[in-house]
Structure formats: C-alpha cells, structure tokens
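Enquirer: Please read through the structure below; I'll follow up with questions.
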Amino acid sequence: MMRRWKQAAPVLALALFLSGCAKDAPQDALDPAGPYARKIDDLFDPVFLVAVVVFFLVQGIILFAIIRFRRRHDDDEFPAQIHGNTRLEVGWTILPAVLLGVVGIFTVPKIFDLTDTPKVGMDVTVTGQKYWWAFSYPEQGQYGIDAPIITANELHIPAGVPIKLELRSKDVIHSFWAPRLNGKHDVVPGRIHYWNLEADHPGVYSGQCAEFCGTSHANMLLKVVAHDPATWDQWVAQMQTDPTEPTSGLAAEGHDLFQQKGCAGCHRVAGQWEEASPDSPPAPDLTHLFTRDCFAGCLYDINDRNEVEAWLRNPQRKAGSLMRIGKLTEDEIDRLYAYLRTLE
Ligand code: CUA
C-alpha cells in the first residue's frame, strides 16, 4: 500500500501543479488588462518571487536536516536534547517581521492608490442582487440623470477611460470582481462603496460575484465589454433609442402577453413598460435584451433560442432565481420569444 502511494505521489503532485496552468484563462488576475489590475500585479510579482525564495530556503533547510541528521543503522545513541535556542528564535521572529514590513511599505500606498477616486472618468452604478448585476449609466441617460441607461449582467465601458463604480446591494453581501481590470470589492446592503475600473484596450473581460451570497452565488457572472470610441458612441446611441413596439403578428401578441403574465410589473422596457422602477430594478431591464450576449446572471447564451425558451419554461433552472412565472404553454412561449426578439 505504502509503495503504491510512493509511486502515485509524484503523479498527483504533477497533476496538482498542472491544474494551475491554463492558456488564455478569461479571469486571470495575473494577466492584467488595465492600470488598476496592473498595480496589483506589479505588487504580486516581486512578493511572489520573495515568497518562492523563502519557500525553497526553508524547505531546503528542512530537507538538509532530515537527510544529514537522520538515524543511521549503527546509530543507537539517544541524540542530545536541546530546549530552545534564543539566538535562532529571535532571528526567525525578526527576519519575517522585517520582510513583512518591507512588503507593507509597498502595499499600503497601493491600497490607498486603488481606492482613490480618479479626477476624471465615467460613473456607473452597480447593483448586486440575487443573483445578477444591474448597471446604470447616469451620464449617458437619454433624458438626463433621471433616466439612465440600464443594462443587466453586461457592463459596457469605453476603453482607456477610468470608470468610477458606485457599488450597491439590494439584499445580501456580494462582491464585484472583474479580475483582469481590478481586484474585488464587497457590495454591501445599506452602504455605498466606490471602486474603480479601467481597460487599456477594447475587449470582453469576464468576472463574477466573489462573495458567497446564496444558492446561485456561483452563477452570478458578469461581463465587462470595453469599446473603442466609435463603437462606444454607437452603443450609447443605440441604448438611447427605444425599441420599436411591435404592432402585428406573433411579436405583438407576445407584447400583450408580457403584461398579462405580469412580466411588465418587474421588467422594464423603455418606452413600452415603465411600471418597474428604473432606480431600483427588481428584475433585469430588458430594453435592449438582444444586444447582449448572455442573460440570467450571464449564465445562458441569449442567442441560443433553446436557452431562452428553457428559461421561460422554468426560471428555476437557475437555483434561487426570484423570477416567478406561471406555467406557460408552448404557444405562449413562442409569442413571448417573438416579442423579446424585438428588443434590440
Ligand atoms: Cu452574489 Cu455571490
């Protein structure tokens, strides 16, 4: 048994080691894509290097001691018993303390640096809730600050611009984390926290809730979509335009059904269904639903019709989903889908 373990140990160790490797990992904090994440990475690299040196030093000394002072076959003598060594103990107390002090000298200013609100930049309000993210863009509102653009699960930003996030929670503690753009920050009910974000280049950066918040904590994903100036203006213009209300066919029937089934009580669609409060969306704003890639906490692909229909059949497929909708017939699902499809 012992021998088999000895044979398996290196393989297990290697498997564990290799499990840390991934090419193009989407949430790799060690591959920063913006100045805030880079500040953290710049700190991580040298500290990690020092940690590796300390690790091998300590492990090396342990190995040396084990081998050099091991019991030999002809060795029957009881070793000399030592009780403490003041000089050594003082040494291995002071040395790590000095080391941590040096790390602290570099870390503390960065902590202040990261929480500093940039002088210029764009404001976005982030609302975490079970189990999805709402993003509200007050400066881009069509009718000023009272009617901001609102998206769900996808945070759209211009690349190269510092983004000032105002973090709020509607229920429990969540944590906003887009690893390639900045570290994580708690989102606490009853409090407003500020956090920054910036992407160097256009691209899509994934993230997720990083604080256990309930059954679907692991399904509370998000995407940060960074645009170049031209596509950013395009996106804003599109968001500021209300989708056309369907007047005939399946989509128009779905539009009516949207109210009959109570959807409009929670979901806002700009220019069509305004019952739901825009400041505090209890359910994702669906105004431009089909300009997004994902829905339901970014868990499902919006462009896969089967996923959308499966959701309408049973929103509880995402554990803990707060969406309540009665049993729909397949015919009703077709009509609702036809309507949702017009929300571009
Ligand atoms: Cu929200 Cu975990």
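Enquirer: Pick from segment 182-196 the residues that are farther than 19 Å from Ala25 by Cβ and surrounded by 14 or more Cβ atoms within 10 Å (Cβ to Cβ): which of them is farthest from the ligand (Cβ to nearest atom)?
Expert: Initial filter on segment 182-196 (farther than 19 Å from Ala25 by Cβ): 185-196.
Adding the requirement that they be surrounded by 14 or more Cβ atoms within 10 Å (Cβ to Cβ) leaves 185-188, 193, 195-196.
On the way: His185: 13, Asp186: 10, Val187: 8, Val188: 12, His193: 14, Trp195: 15, Asn196: 20 Å.
Only one residue tops the list, namely Asn196.
Enquirer: Six or more apart or on different chains, Cβ under 6 Å: which pairs go from a residue in segment 207-222 that's free of Cβ contacts under 8 Å to residues at least 60 places away in the same chain and farther than 18 Å from Pro32 by Cα to one that's part of a loop (DSSP other than H, G, I, E, B) and within 9 Å of the ligand (Cβ to nearest atom)? Could you list them?
Expert: That search, which allows pairs on different chains as well, returns Glu211/Ile173.
Enquirer: Oh, and also: Return the residue satisfying two criteria in turn: it lies in segment 238-294 and is among the basic types (Lys, Arg) and within 12 Å of Ala152 (Cα to Cα), and of such residues it is most open to solvent (accessible area, probe 1.4 Å).
Expert: That would be Arg268.
Enquirer: Within segment 120-131, how many residues are open to solvent by 40 Å² or more (accessible area, probe 1.4 Å) and touching a strand residue (DSSP E or B) at 6+ places or on another chain (Cβ under 7 Å)? Even if it seems obvious, please write down each step before you answer.
Expert: At the first step, the residues of segment 120-131 found to be open to solvent by 40 Å² or more (accessible area, probe 1.4 Å) are 120, 123, 130.
Cutting the leftovers down to touching a strand residue (DSSP E or B) at 6+ places or on another chain (Cβ under 7 Å) gives us 123.
The total comes to 1.
Enquirer: Same structure, new question: Which residues, taken from segment 215-229, are buried (at least 17 other Cβ atoms within 10 Å of the Cβ) and either within 15 Å of Ala152 (Cβ to Cβ) or near the ligand (Cβ under 10 Å from one of its atoms) (or both)? Before you say what the answer is, go through the steps one by one.
Expert: Going residue by residue through segment 215-229, those that are buried (at least 17 other Cβ atoms within 10 Å of the Cβ) are 216-217, 219-227.
Those that are buried (at least 17 other Cβ atoms within 10 Å of the Cβ) and either within 15 Å of Ala152 (Cβ to Cβ) or near the ligand (Cβ under 10 Å from one of its atoms) (or both): Ser216, His217, Asn219, Met220, Leu221, Leu222, Lys223, Val224, Val225.
Enquirer: OK, next. Filter segment 203-214 down to the residues that are in contact with a Phe, Trp or Tyr (Cβ under 8 Å, 6 or more places away or on another chain) and within 10 Å of the ligand (Cβ to nearest atom), then identify the one that is most open to solvent (accessible area, probe 1.4 Å). Let's see the steps before the verdict.
Expert: Within segment 203-214, the subset in contact with a Phe, Trp or Tyr (Cβ under 8 Å, 6 or more places away or on another chain) is 207-210, 213-214.
Pick out the ones that are also within 10 Å of the ligand (Cβ to nearest atom) and you get 208-210, 213-214.
Details: Gln208: 53, Cys209: 1, Ala210: 33, Cys213: 11, Gly214: 15 Å².
Ranking the candidates gives Gln208 first.
Enquirer: Moving to a separate point now. Out of segment 163-181, which residues are of a type outside the set (A, V, I, L, M) and crowded, with 16+ Cβ neighbours inside 10 Å?
Expert: Filtering segment 163-181 down to residues of a type outside the set (A, V, I, L, M) leaves 164, 166, 168-171, 174-177, 179-180.
The answer is Lys164, Arg168, Ser169, His174, Ser175, Phe176, Trp177, Pro179, Arg180.
The values are calculated or read from the model by the stated rules, or taken from the named source; none is laboratory data. Quantities reported herein were computed from a predicted structural model and do not represent experimental measurements. No Cβ is skipped: glycine too gets one built from the backbone with ideal geometry, and neighbour counts run over all protein chains shown. Remember, those area values only see protein heavy atoms, side chains included, never the ligands or the DNA or RNA. Shrake-Rupley method; radii C 1.70, N 1.55, O 1.52, S 1.80 Å.
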